[in-house]
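Accompanying notes for the structure given below.
The values are calculated or read from the model by the stated rules, or taken from the named source; none is laboratory data. In this text the structure is predicted, and so the values were computed from the model without any measurement. Cβ coordinates were reconstructed from backbone atoms using ideal geometry, including for glycine residues, and neighbour counts include every protein chain displayed.
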Amino acid sequence: MGPLRTEAVVLRSIRYGEADRIVHLYTPGRGRLSAIAKGVRRARSRFGGRLEPFMHIRVVAHEGRSELLTVTAVDTISAFANLREYAGTLDAAARACDAVARLFETTEAHPEVFRLLVNELALLAADPSQARAGNGLSFRLKLLLAAGIVPQLAACTVCGSTEHLTGFSPAEGGVVCGACEAAAFPLSQDAYLFLVGALGSPLAAAPDGSEAALRQVERAIGETAEYHGHVRLRPLLVA
């Protein structure tokens, strides 16, 4: 089998042994991959700092008998260096990569997820003010869309009504009306408008809202991911 040549984003980098690292990569055509970079922590490593988290790279890796690839060459496409200048952007980038790693942990190809992640990292690097809850929640909502588990927002998921959509039911897969909200939690108008606006807007124009509304949005996204994707996302908003 020939070497794998692909673009990738480094999701995570873990020390291994005396000089190696295990890197988790997200690729457009092979989904999430794990690889070992031998000798990367030595001072004269040919990889330099190109396998640090959040790097957008072009990588060549050897595929052996195990699921763990061996990195043989790396070129930097974008380092997103400005991410590391602010604690807020660094944290936002880490949570974005973590959400991708949890929701898309297989080798199934999702090129749209790869593009979304690169776009999010580039946006955070270019504009530190984007390291806000509204942006992070919009990013997660778009991940749910790519995963095929985005909440239904146009009508009550129980009866089909398009009016009085005042609750959210993860089990039913979206919003519910006042007559059907027995097993739902309350969803304010501001939270509902955020969900609709976030799905219809690019990341750079992600909406914002009050803390109360954003907490409801985060609950809707988190419980949807847990109920339908069997994934627990790290919280964005501190209690």
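If the condition is being among the aromatic types (Phe, Trp, Tyr) and crowded, with 17+ Cβ neighbours inside 10 Å, then the stretch 78-94 contributes only PHE80. For the stretch 154-169, residues that are among the hydroxyl-bearing types (Ser, Thr, Tyr), over 27 Å from the mean Cα position of the chain (by Cα) and either outside any loop (DSSP other than H, G, I, E, B) or more than 20 Å from GLY197 (Cβ to Cβ) (or both) total 2.
Could we say that HIS56 is touching a Phe, Trp or Tyr at 6+ places or on another chain (Cβ under 6 Å), modelled with pLDDT of 95 or more and crowded, with 16+ Cβ neighbours inside 10 Å here? In short, no. The one condition from (1) more than 13 Å from the chain's Cα centre (by Cα); (2) at pLDDT 95 or above; (3) more than 17 Å from GLY197 (Cβ to Cβ) that PRO151 does not meet is (3).
Could you tell me whether GLU108 is assigned to a helix (DSSP H, G or I) and of a type outside the set (A, V, I, L, M)? Here the answer is no, as GLU108 does not meet what is asked. Put simply, of GLY173, GLY148 the only residue that is surrounded by 15 or more Cβ atoms within 10 Å (Cβ to Cβ) and not hydrophobic (A, V, I, L, M, F, W, C) is GLY173.
Condition (residue is assigned to a loop (DSSP other than H, G, I, E, B), of a type in the set (Gly, Ala, Ser) and out of contact with any helix residue (DSSP H, G or I) (no Cβ under 6 Å at 6 or more places or on another chain)) applied to the stretch 127-146: is it met by at least one residue? For the stretch 127-146, residues assigned to a loop (DSSP other than H, G, I, E, B), of a type in the set (Gly, Ala, Ser) and out of contact with any helix residue (DSSP H, G or I) (no Cβ under 6 Å at 6 or more places or on another chain): absent. Scanning the stretch 14-53 for residues that are at pLDDT below 90, in a strand (DSSP E or B) and hydrophobic (A, V, I, L, M, F, W, C) returns ILE14, ILE36, ALA37.
In summary, ASP75 fulfils each of the numbered conditions (1) at pLDDT below 90; (2) surrounded by fewer than 21 Cβ atoms within 10 Å (Cβ to Cβ); (3) in a strand (DSSP E or B) with the single exception of condition (1).
Assess whether ALA94 counts as being touching a Pro at 6+ places or on another chain (Cβ under 8 Å) and part of a strand (DSSP E or B).
no
If you go through the stretch 170-211 and pick out every residue that is more than 25 Å from the chain's Cα centre (by Cα) and of a type in the set (A, V, I, L, M), you end up with 5. Considering the conditions (1) within 28 Å of ILE221 (Cβ to Cβ); (2) without any contact (Cβ under 8 Å) to a residue 12 or more places away in the chain, GLY64 is excluded by exactly one of them, (1). Of everything in the stretch 187-238 that is part of a loop (DSSP other than H, G, I, E, B) and out of contact with any helix residue (DSSP H, G or I) (no Cβ under 9 Å at 6 or more places or on another chain), the residue that is nearest to ALA154 (Cα to Cα) is HIS230.
Residue by residue, here is whether (1) closer than 21 Å to ALA99 by Cα; (2) not aromatic (Phe, Trp, Tyr) holds:
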| site | (1), (2) |
| --- | --- |
| ALA154 | no, yes |
| LEU165 | no, yes |
| VAL175 | no, yes |
| CYS180 | no, yes |
| GLN189 | no, yes |
| PHE194 | yes, no |
| PRO202 | yes, yes |
| ASP208 | yes, yes |
| GLU226 | yes, yes |
